[in-house]
1. Expressed in whole Å with the largest first, what are the equivalent ellipsoid semi-axes of region 241-286 derived from the C-alpha gyration tensor as the square root of 5 times each eigenvalue?
2. As an exercise, use a Förster radius of 22 Å and the Cβ-Cβ distance of LEU346 and ASP178 to find the FRET efficiency, rounded to the nearest 0.05.
3. In region 182-252, which GluC sites (Glu not before Pro) are in a loop and have at most 10 other Cβ atoms within 10 Å, using DSSP for the loop call?
4. Can you compute the FRET efficiency between HIS322 and LYS196 using 1/(1 + (r/R0)^6), with r the Cβ-Cβ distance and R0 = 41 Å? Round to the nearest 0.05.
5. Percent of Cα-Cα pairs more than 18 Å apart in region 124-193, please.
6. Give me the accessible area of PHE145, 1.4 Å probe, in Å² rounded to the nearest 10.
7. Give a quick list of GluC sites (Glu not before Pro) in region 245-349 that DSSP marks as loop, anything other than H, G, I, E or B, with at most 12 other Cβ atoms within 10 Å.
8. Taking every pair of alpha-carbon atoms in region 190-281, what share in percent sits in each 10 Å bin, from 0 to the bin with the longest distance?
Amino acid sequence: MRAGRLRTGLKGWGGVGAMAFACVLAVLAALLLPMVPWHGTGGGGGADDDGRGAAHGSQARAAQECADPEKQTLAPSGDDGPTIDEIRAREGEKRKLVVGVDQNSYRWGYRDPNSGGDAELEGFDIDLAHRIAKDILGDADAVQFKAIPTDQRVPAIQDGRVDMVVRTMTINCDRLQDVAFSAPYFRTGQQVLAPKSSKITGYDGTLAGKEICTAAGSTALSTLEQDQKDGRLAEGVDLRTTVPNQLDCLVRLQLGEVDAVVTDGALAASQAAQDPTVELKGDAFTTEYYGVAMKKDADDLVRRVNQVLEEWRADRAGGWQHSYEEWLSETMDDAAKSLPPTPQYLRTS
């Protein structure tokens, strides 16, 4: 750590002492929600010739020819299929939808230390996971949450540890080679987060010579690495600081170990809400979409999730807009961001 740059007078969650408490809380939460392999029968199964082949083949070809990744998903359907049947066939306590989530992304998937009791997971992504569980299993609480670090989201799906990941996961062409995505449920873009006192003004020349923190396996890191390779990133930017989870970057920033954080604007806004000494710098410099990630051959599950998303967007009483108002409206000041993306689907005929 560069001791000379240690900032004093932190306010975020009550200063350095509160930050220490937050770190302890994260450790305790990790113990409560262990990341252990789950060897259930759900999450996709093999590529049997059961009617999924044509649609899956179309989806695979589309991924190879990817131009607009947020459009590379299957049309919604309320029909059951082999993946859903496997999930429903689980017995007893295992009869749950297993969902990979975050547990420390404020307002998205996090444990509120002020909620008392066991500090259950809550947030925008958590609402969506409950909605999917309600549709598939008839019980919104029939869901088992597993904490998944950013760089483990794809492996967790491929290894069958989870049925799906609902974790502010950007749909992109590289990931479409490994997993299938639902239609987008949120629009965002990469932004810079830095101390209010910093002279950094955005994703521009003011980043020259600065150290930036990103999460390992994130689109922020891959975007910055590509921009650095192509000469679009300011000279001398240091990208060596990567962390397992986005909140770790905020901690590094608060401790003065890095100059800025680059992450999705939606997440950055939530982090700024946690600490009033930092702020978003400049506009988003990409356009990205969050989607629910599943196994590539789980076509019936993809279609079913897309059906749930259609209904969630249309539900004015307890749907997308309700969750947005409850969790995100206070941290996101752009009214246009409060509109769910309009989905487009692959033609499989």
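The values are calculated or read from the model by the stated rules, or taken from the named source; none is laboratory data. Since the model is a prediction, treat every value here as computed from it, not as a measurement. Glycine gets a Cβ as well: all are built from the backbone with ideal geometry, and neighbour counts include every protein chain shown. Quick note on the areas: whole protein, heavy atoms, side chains included, nothing else; ligands and nucleic acids left out. Shrake-Rupley method; radii C 1.70, N 1.55, O 1.52, S 1.80 Å.
1. Largest first, region 241-286 gives 16, 12, 10 Å.
2. Working: r = 18 Å, r/R0 = 0.80.
So, using R0 = 22 Å, E works out to roughly 0.80.
3. Qualifying residues, ordered by number: GLU235.
4. FRET efficiency, HIS322 to LYS196: 0.80.
5. Working: 1080 of 2415 pairs.
Result for the distance tail: 45 percent.
6. Estimated to the nearest 10 Å², PHE145 gives 30 Å².
7. Here the GluC sites (Glu not before Pro) that fit, given the DSSP loop and packing criteria, are GLU330.
8. 18, 59, 22, 1
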